[in-house]
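> Just dropping this structure here.
Readers should treat all values here as calculations from the given coordinates under stated rules, not as data from a laboratory. Note that the structure is a prediction, hence the values are computed from the model and not measured. Because the Cβ atoms are built from the backbone with ideal geometry, glycine has one as well, and the counts that use them run over all protein chains shown.
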Amino acid sequence: MNVRIAAVSVVSAALVAVGATSAVAAPAPATITLKANHTTVKLGDVVTFTGKSTGLKEGSKVTLQVKSGRTWKSLPVTAKVNHSAYKLTDKFQKKGVEVLRVKDGAAVSKAVSVTVR
């Protein structure tokens, strides 16, 4: 009986140790937030986008993207992550609702909408 208890204890300890090391080895995925200072603007107005990041290196470049149909297109608007935050601006030249997000590698923010009148 003592042999069974000892064997179960050793196996349990091994499983806990393996599970603990694999949980520590996997880094958390990077995340990015996005916020627009205005959600409705006039044609030609400037919108400032800000956000915070976790898991991105200092100096990483985030790119503003706009949804075009079912795909996302990168705009020539980028910012560097500084102290886990970023700030960028864009001027809208087309009326309608623009759906935007920011991206850095595999990390992508939730989309925000800006209505241009």
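> Roughly how many nanometres apart are two label points built 7 Å out from the Cα toward the Cβ at LYS110 and LYS80?
Result: 3.0 nm between the two label points.
> May I ask you to give the average projected area over all directions of the convex hull of the Cα atoms of segment 77-117, in nm² rounded to one decimal?
3.4
> Given labels modelled 7 Å from the Cα in the Cβ direction, how far is it in nm from LYS73 to LYS95?
2.0
> Using a Förster distance of 30 angstrom, determine the FRET efficiency expected from the C-beta separation of LYS87 and ALA26, and round it to 0.05.
Computed FRET efficiency for LYS87 and ALA26: 0.45.
> So, one more: What is the diffusion coefficient of segment 31-116 in µm²/s, taking the Kirkwood radius over Cα pairs and the Stokes-Einstein relation at 4 °C with a viscosity of 1.567 mPa s?
100
> From the P(r) of segment 23-79, could you give the percentage of C-alpha pairs in the tail past 18 Å?
52
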